[in-house]
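The values are calculated or read from the model by the stated rules, or taken from the named source; none is laboratory data. What you see is a predicted model; the values in this text were computed from it and never measured. A quick note on method: Cβ atoms are made from the backbone with ideal geometry, for glycine too, and the neighbour counts reach across all protein chains shown. These area figures cover heavy atoms from the full protein model, side chains too; ligands, DNA and RNA do not enter into them. Shrake-Rupley method; radii C 1.70, N 1.55, O 1.52, S 1.80 Å.
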Amino acid sequence: MYCTVCGTEMIGGKCPKCEKSEKRIFSNNGKILESPAPIDDGLRKFNWLYYVAGGLLVVMFIFGKERSISGFLCLAAFFFLIAFTIKHLIAKDLLTLKLPKMEFALPEDIDEQQIVGKIAMPLTGAGMTVEKDSNGCPVITYRRVKYFVYIDKEKSNFRISLNKSFFAFEGIKLYRKAVIAIGIIAYTIQQEALK
């Protein structure tokens, strides 16, 4: 039997082209990821700090009156340490201010319990551990860092934040881990929520 509207063969008495799909769609309240690639690495744009440190070092070496190797090495260590410290502080700010505020879209009819059930297998296969906290929210552990998924049912979106105890000790390294993990976690949640 064929559809009288478009001529496509009917399946189970329904036209696959004309029948409304029951497929879930995302809300407009957040970012939709196209791949599990790392989310935007905001630290790369601050690599110019190292070039500035190197430039200052070259200027000091060329125009300095006494050119000793030990003085040159001390200045090199000093300038690059300052550049690294500035970048480390920027990474800590991004970890505490930017990443936890990123919102990712979800379908409107999904809750924490469904999310945990859907993401457990794919994320466990990626080397992550999936648990629930006391409120039933998903908690994902990856490379010794815990990521907490907070779902806002009213806005139909979610946010991912990190265990804040790491911020005092790690900056750049933790930020790089986080942009990779958040990309994988958010993409997996979105893909599994559509199923």
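Under 7 Å between Cβ atoms, which residue pairs at least 6 apart in sequence (or on different chains) link something in the stretch 169-195 that is among the basic types (Lys, Arg) with a partner that is open to solvent by 40 Å² or more (accessible area, probe 1.4 Å) and in a helix (DSSP H, G or I)?
Lys195/Lys118
A quick yes/no check of all residues on (1) on the phi < 0 side of the Ramachandran plot; (2) assigned to a helix (DSSP H, G or I); (3) open to solvent by less than 80 Å² (accessible area, probe 1.4 Å); (4) at pLDDT 75 or above:
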residue: Lys20; (1), (2), (3), (4): yes, no, no, no
residue: Pro38; (1), (2), (3), (4): yes, no, yes, yes
residue: Ala76; (1), (2), (3), (4): yes, yes, yes, yes
residue: Ala91; (1), (2), (3), (4): yes, yes, yes, yes
residue: Thr96; (1), (2), (3), (4): yes, yes, yes, yes
residue: Ile110; (1), (2), (3), (4): yes, no, yes, yes
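Among the residues of the stretch 126-141 satisfying the criterion of being polar (S, T, N, Q) and either within 16 Å of the chain's Cα centre (by Cα) or farther than 19 Å from Lys177 by Cα (or both), which is least open to solvent (accessible area, probe 1.4 Å)?
By that ranking, first place goes to Thr141.
Hey, can you tell me all the residues within the stretch 141-184 that are at pLDDT 90 or above, part of a strand (DSSP E or B) and among the β-branched types (Val, Ile, Thr)?
Result: Thr141, Val149, Ile160.
Among residues belonging to the stretch 112-125 that are surrounded by 14 or more Cβ atoms within 10 Å (Cβ to Cβ) and touching a strand residue (DSSP E or B) at 6+ places or on another chain (Cβ under 8 Å), point out the one that is modelled with the lowest pLDDT.
Across the stretch 112-125, the extreme among qualifying residues is Glu112.
Can you say whether Ala83 is modelled with pLDDT of 85 or more and in contact with a Phe, Trp or Tyr (Cβ under 6 Å, 6 or more places away or on another chain), as far as the supplied structure shows?
It is false that Ala83 is modelled with pLDDT of 85 or more and in contact with a Phe, Trp or Tyr (Cβ under 6 Å, 6 or more places away or on another chain).
For the stretch 40-59, which positions are open to solvent by 30 Å² or more (accessible area, probe 1.4 Å) and not in a helix (DSSP H, G or I)?
Asp40, Asp41, Asn47
Taking only the stretch 126-140 into account, find how many residues are in a loop (DSSP other than H, G, I, E, B) and at pLDDT 90 or above.
2
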